[in-house]
Every structure is written in C-alpha cells, then in structure tokens.
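Novice: Here it is: the structure, laid out below.
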Amino acid sequence: MATGFYTHPDCLLHDTGDGHPERAARLQAIEDQLIGSRIDIALQRETAPLASETALLRAHSAAHVAAMRACVPATGQAEIDADTFVGPHSWNAALRAAGAALAATDAVIDGHLDNAFCCVRPPGHHALREQAMGFCLFNNVAVAALHALEARHLARVAVIDFDVHHGNGTEAILAGDPRVLMCGFFQHPFYPFSGVPPLAPNMLNVPLAARSDGAAMREAVTREWLPRLRAFAPQMIFISAGFDAHRDDDLGNLGLVEADFAWLTRCIREVAAHSAQGRIVSCLEGGYALSALGRSVVAHVRELADL
C-alpha cells in the first residue's frame, strides 16, 4: 500500500480574481516542491472525482448546495463575501475538493491506501452548514468525516485542524456529535474570532497567542491533544492541514516551521497506528506564502508516507 495524493486540474481553474491569496499558484508550488524533493514518485496519484449531492447534504443544507451552484457566474468573478469569490469553474472545483476527501476516505477504509493527502482548492474548514466564508464553499473534511461515520459505519473519528485560523465551520457542523473528537489550534484573537470557548465538549480548541512558535505548539499538543486522542481511540483521523501558521506566511502571525509540521504529523500517525489501523485522510486548508507552503506540504506528506 501507499500514501495517496488526490488532486484534479479543475482545482486550478477556481478563479478568485487577481491578487487573491487563495490562488491556483498554491497547488503549483506544492507540485514543484514535491518534484524537487523527489518524493512525488513515492506517492500514488489519484484523480479526485466529483462529490455527490448526497454526500454534501450530510454536512450542508440543500439550500446551501443550491446557492453555491447558483452563484457561479458565466464569466468573471462573483463575490460571496469580502474574502470569498467564485468564477465559472468554481462549482466543479468545489465538488472535486470534497470528492477528493470522499474518495480518499473510501480508499483508506477499504485498505487500498495507508493514508492520503488531498491537494485541492477551494479549502473547506470555514464553510458552515448554511454559509460559505473564508475562501471556503463546502466543508471538505466535515463531508468526509460524516461519510466515514454514516456511509461507512465507523463508530468514532477524530478531526485535527492545524491552521492559523480556527476551523469554525467544521466545529459548528460537528459540535455535540459524540462520535467525533475535534482538536484544533489557531492564533487567537484572530479571524474568524471563534473557538474560545468551544461550542461543545467534543471540541478541544487550543488558542495560541500571536508570535507563538513551534515549541509552544508542541507543548500544547503534548499536554492537551494527545491524552484526549489516545483516550478517545478514533477509528480514523481526518486532518484539516493549514500551513499559514508558518513563520513566513503574512496572513497570520504564528512562528511554525517545516519541522513543526513534520513533528505534528508524526504524532498524528502514532495515534492512528494505535487505534485507527493507521487510517488518515489529510486535506489542504491554508498556506499562502508559496515557497513555505510547498516545503511544509513536503514535510507533512513525507511523514505520512514514512519516507
């Protein structure tokens, strides 16, 4: 078996307009770094399918799905909010992003892959049940986690969200579900100004002050996340992998580096090995400094693949 790498050309066609930080060059930077590091040949490349409406409706309302379909313009860009824009190809890109997470979930549960990374856009962790926001249209990780629980009949899953921004959409969708433990860290106070206090007992949020470095993150994860994760014993782990907590990323003010993302991925793999048969699906969220993003994804994927 191997580590799967899910992506699709449609994700490059999601056009957010000139100067927008969530741009196609993000995926191209990741591809360049994977090739440069020579680990691309160790990954099993997979084409992301289109997500079904049935799968989307586990995390989103029918009205939201219809609104996302309707807002896509024939030309140019349409504005959903001050941060979130869509172009003519955004509907298919969003379906591919969620579809990658779903296909990866099935492949890992079925034993075709050890784990998987979904190199997709638009990202997902700010998308609420009824609302797109923060560059996100559909909540890719929430869709996949609920698929694992309801279609694949797992009893317990964990969601790990590391990003400079709190995964408010994922928390809102999964809060209060005893089948889920969500652990996240994020800069606080910072957009989207949520996560403190958490919405429910199954949410373990670790706010980090601006300028916190990797040592502060590692101490918090060791003290707070790992005991809860081990006690919960998830049967599968989903990762919202945001690399905008890197010290080079201007969209936030945390101080992580590649080695910190590698360390965190090793910790997650150890938990997954103990209770989840190693099953992990990771989905790209933030990360906007292109070189740092590419290097950080390489560090993350290298650990997933145990290279």
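Novice: Out of ASP15, ASP10, report the one residue that is among the acidic types (Asp, Glu) and either in a strand (DSSP E or B) or under 27 Å from LEU304 (Cα atoms) (or both).
Specialist: That would be ASP10, the only listed residue that is among the acidic types (Asp, Glu) and either in a strand (DSSP E or B) or under 27 Å from LEU304 (Cα atoms) (or both).
Novice: Does ALA78 meet the test of being more than 18 Å from LEU56 (Cα to Cα), of a type in the set (Gly, Ala, Ser) and without any contact (Cβ under 8 Å) to a residue 24 or more places away in the chain?
Specialist: For ALA78, the condition - more than 18 Å from LEU56 (Cα to Cα), of a type in the set (Gly, Ala, Ser) and without any contact (Cβ under 8 Å) to a residue 24 or more places away in the chain - is met.
Novice: A further question on this structure: Out of the residues in the stretch 270-301 that are charged (D, E, K, R) and crowded, with 20+ Cβ neighbours inside 10 Å, state the one that is nearest to ALA48 (Cα to Cα).
Specialist: Here the answer is GLU285.
Novice: For the stretch 57-79, what are the residues that are closer than 14 Å to CYS136 by Cα, under 21 Å from the mean Cα position of the chain (by Cα) and aliphatic (A, V, I, L, M)?
Specialist: Scanning the stretch 57-79 gives ALA59, VAL65, MET68.
Novice: Separate question: Name every residue in the stretch 27-65 that is touching a strand residue (DSSP E or B) at 6+ places or on another chain (Cβ under 8 Å) and of a type in the set (Lys, Arg), in order of residue number.
Specialist: Selection gives ARG45 alone.
Novice: Any chance the stretch 255-262 includes a residue that's among the acidic types (Asp, Glu) and farther than 24 Å from PHE117 by Cβ?
Specialist: Within the stretch 255-262 (the criterion being among the acidic types (Asp, Glu) and farther than 24 Å from PHE117 by Cβ), the answer is no, since none of the residues qualifies.
Novice: Further, regarding this structure: Do you know which residues across the stretch 107-136 are closer than 19 Å to ARG45 by Cα and acidic (Asp, Glu)?
Specialist: Correct list: ASP110, ASP114.
Novice: Taking the stated definitions as given, is GLU285 closer than 21 Å to ILE30 by Cβ and in contact with a Lys or Arg (Cβ under 6 Å, 6 or more places away or on another chain)?
Specialist: Details: closer than 21 Å to ILE30 by Cβ: yes; in contact with a Lys or Arg (Cβ under 6 Å, 6 or more places away or on another chain): no.
In short, no.
Novice: Regarding ALA48, is this residue touching a residue at least 24 places away in the same chain (Cβ under 8 Å), among the small types (Gly, Ala, Ser), touching an Asp or Glu at 6+ places or on another chain (Cβ under 6 Å) and buried (at least 17 other Cβ atoms within 10 Å of the Cβ)? Talk me through it step by step, then tell me what you get.
Specialist: Details: touching a residue at least 24 places away in the same chain (Cβ under 8 Å): yes; among the small types (Gly, Ala, Ser): yes; touching an Asp or Glu at 6+ places or on another chain (Cβ under 6 Å): no; buried (at least 17 other Cβ atoms within 10 Å of the Cβ): yes.
Taking the combined requirement at face value, the residue does not satisfy it.
Novice: Whether any residue in the stretch 207-223 is closer than 21 Å to ASN140 by Cα and either hydrophobic (A, V, I, L, M, F, W, C) or outside any strand (DSSP E or B) (or both) is what I want to check.
Specialist: no
Novice: Ok, one more. Being of a type in the set (Asp, Glu) and in contact (Cβ under 8 Å) with a residue 60 or more places away in the chain: is that true of GLU53 here?
Specialist: Answer is no for this residue.
Novice: So, in the stretch 81-95, of the ones that are of a type in the set (A, V, I, L, M, F, W, C) and in contact (Cβ under 8 Å) with a residue 12 or more places away in the chain, which residue ends up surrounded by the most Cβ atoms within 10 Å (Cβ to Cβ)? Even if it seems obvious, please write down each step before you answer.
Specialist: Pass one, the stretch 81-95, residues of a type in the set (A, V, I, L, M, F, W, C): 82, 85-86, 91, 93-95.
From what is left, the residues that are in contact (Cβ under 8 Å) with a residue 12 or more places away in the chain are 85-86, 91, 93-95.
On the way: PHE85: 22, VAL86: 25, TRP91: 19, ALA93: 26, ALA94: 31, LEU95: 24.
Ranking the qualifying residues of the stretch 81-95, first place goes to ALA94.
Novice: A further question on this structure: Among the residues that make up the stretch 214-221, is at least one of them within 27 Å of ALA116 (Cα to Cα) and under 17 Å from the mean Cα position of the chain (by Cα)?
Specialist: No, there is no match, as no residue in the stretch 214-221 is within 27 Å of ALA116 (Cα to Cα) and under 17 Å from the mean Cα position of the chain (by Cα).
Quick grid of which residues meet (1) at pLDDT below 95; (2) outside any loop (DSSP other than H, G, I, E, B); (3) touching a Ser or Thr at 6+ places or on another chain (Cβ under 6 Å):
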| position | (1), (2), (3) |
| --- | --- |
| ARG121 | no, no, no |
| GLY124 | no, no, no |
| PHE138 | no, no, no |
| ALA144 | no, yes, yes |
| LEU149 | no, yes, no |
| ALA158 | no, yes, no |
| GLU171 | no, yes, no |
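Novice: Among the residues of the stretch 72-100 satisfying the criterion of being in a loop (DSSP other than H, G, I, E, B) and of a type in the set (S, T, N, Q), which is nearest to GLU22 (Cα to Cα)?
Specialist: THR84
Novice: Hey, does the stretch 44-66 have a residue that's of a type in the set (Ser, Thr, Tyr), part of a helix (DSSP H, G or I), over 21 Å from LEU290 (Cβ atoms) and modelled with pLDDT of 95 or more?
Specialist: The answer is yes; a qualifying residue exists.
Novice: Answer yes or no: is there a residue in the stretch 186-195 that is of a type in the set (Ser, Thr, Tyr), part of a loop (DSSP other than H, G, I, E, B), under 21 Å from the mean Cα position of the chain (by Cα) and buried (at least 21 other Cβ atoms within 10 Å of the Cβ).
Specialist: Yes, the conditions are met somewhere in the stretch 186-195.
The values are calculated or read from the model by the stated rules, or taken from the named source; none is laboratory data. These numbers come from a predicted model, not from an experiment. Note that we place each Cβ from the backbone using ideal geometry, even for glycine, and neighbour counts take in every protein chain shown.
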